[in-house]
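What follows draws every value from the coordinates through simple rules; no lab data is involved. In this text the structure is predicted, and so the values were computed from the model without any measurement. Positions of Cβ are generated from backbone atoms using ideal geometry, with glycine treated the same way; all protein chains shown enter the neighbour counts.
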Amino acid sequence: MDELHEGVHSLVGHTPLVALRYIQPELPARLYAKLEGQNPTGSVKDRIVLRMLERARREGALAPGQKLIEASTGNTGLAVAMFGRRFGHPVEICVPESVYPEIGRLLTAHGATIRWVPRQAGIKSALAVAASVARDEGAFFLDQFGNPENVRTHYESTAAEILEALPRVDAFIAGIGTGGTITGVGRRLKEANPHCKIVGVEPRLGVHVQGLMSLDDGFIPPLLDESLLDAKLLVGNRHAVDHARRVLAMEGLFVGISSGAVMHAALRVASRLGAGNMVLMFADGGAKYLSTELWDAPAPDAAYDPDDPLDDVLWW
């Protein structure tokens, strides 16, 4: 039966968990994708931003009409822009110049002010600029990389939804960005099944994969609990793009580049894991990357080499 929703905030979460039947059907493992692109602004970040804002307003840390400031390469900034406007707050987002073109257009469409940070400086400098604006102008800094509400949100909502749909999870594969998703979800899945393998995905050093961070770049997200990780897989941009296109061609799911990286990593891990239920975090959709040439090339065929030497699997 259809459900009546009272506002855009009620559309956050409760995203589908869908079986991936066609991309590698001969694998003994069963692969399921959590489709976070179906949140209102198209990414998993809607979950944490809504919770951060609601808690800050409820506790009086965020005053009515107070300016919001955040550092983001895209998805979090879009969520802040959309929900901030809904709650009556002006929004400024500090954005590295290396982001895809749609990000700036979407932020502007949602009414946000953009403060561009040189591409060489990246997210670390964007965070420093956002913190400085908060101090100097009295803006409220959400701080997605340090706000514990990030981890709590994924522990209490994202992981709970996964377990409700799939009571036994043997492996969880997610990108390492802020560290909030893999820490919050991973912690709860390990409580439900101590043998569940938690696998983090990050780009190789010096490689830009939208939405992911390389820990070797020298910035360890404060929220990331590395003790939860059973493995870490380093993925290059080519594999991330190829597998995003492969997911679209073979499963009909239009996912973002970080989801392609997660898909590639999951196939690599599945070849070693054997039978079991694997959940993949597809953090966003592919529409934000349409102005690039990522979708112009023919989709890769089904052939896949699980031992591709271009990747490194680091098992603890």
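Laid out as a table, the results:
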item	result
Cα-centre dipole for region 74-128 with unit charges at Cβ (Lys and Arg positive, Asp and Glu negative), debye to 20	60
Which of PHE254, THR292, ASN150, positive extreme of dipole for the chain (C-beta unit charges)	ASN150
Around ALA126: net Lys/Arg minus Asp/Glu count, Cβ-Cβ under 11 Å	+1
For the chain, built as a Gaussian network whose Cα springs stay under 10 Å, the top-fluctuating residue of GLY74, GLY236, GLY274	GLY274
Option label - Rg and Dmax of the Cα atoms in Å computed here, alternatives [x] 20.6, 72; [y] 27.3, 89; [z] 18.7, 58	[z]
Top of PRO101, PRO40, PRO64 by mean-square fluctuation, Gaussian network on the chain, Cα under 10 Å	PRO64
Difference of contour (0.36 nm per residue) and Cα-Cα distance, ARG238 to HIS14	77.5 nm
Net charge, PHE140 excluded, C-beta distance under 14 Å - Lys, Arg +1, Asp, Glu -1	-3
Theoretical ellipticity at 222 nm over the chain - DSSP helices of four or more residues, -39500 (n - 2.57) apiece, nearest 500	-10500 deg cm²/dmol
Options LEU107, PHE83, GLY13, ranked by Cα towards positive dipole end of the chain, top entry (Cβ charges)	PHE83
Per-peptide average of other Cβ atoms within 10 Å, ordering 279-287, 136-144, 259-267 highest first	259-267, 279-287, 136-144
Candidates GLY186, GLY104, GLY37: whichever shows maximal mean-square fluctuation once the chain is modelled as a Gaussian network with Cα springs under 10 Å	GLY104
Extreme residue, positive dipole direction of the chain, given options MET263, GLY60, VAL201 (C-beta unit charges)	GLY60
Extension gain (nm, one decimal) between ALA109 and THR292, 0.36 nm per residue minus Cα-Cα	63.9 nm
Nearest-20 debye value, region 45-141 charge dipole, Cβ charges on Lys, Arg, Asp, Glu	220
Cβ charges +1 (Lys, Arg) and -1 (Asp, Glu), total dipole of the chain, debye	460
FRET efficiency for ARG21 and ASP225, using Cβ-Cβ distance with R0 set to 41 Å, rounded to 0.05	0.80
Set LYS124/LYS288; LYS67/LYS232; LYS45/LYS197 screened for pairs whose C-alpha atoms are more than 26 Å apart	LYS67/LYS232
Gained length - GLU3 relative to ARG119, 0.36 nm times residue gap less alpha-carbon distance	37.4 nm
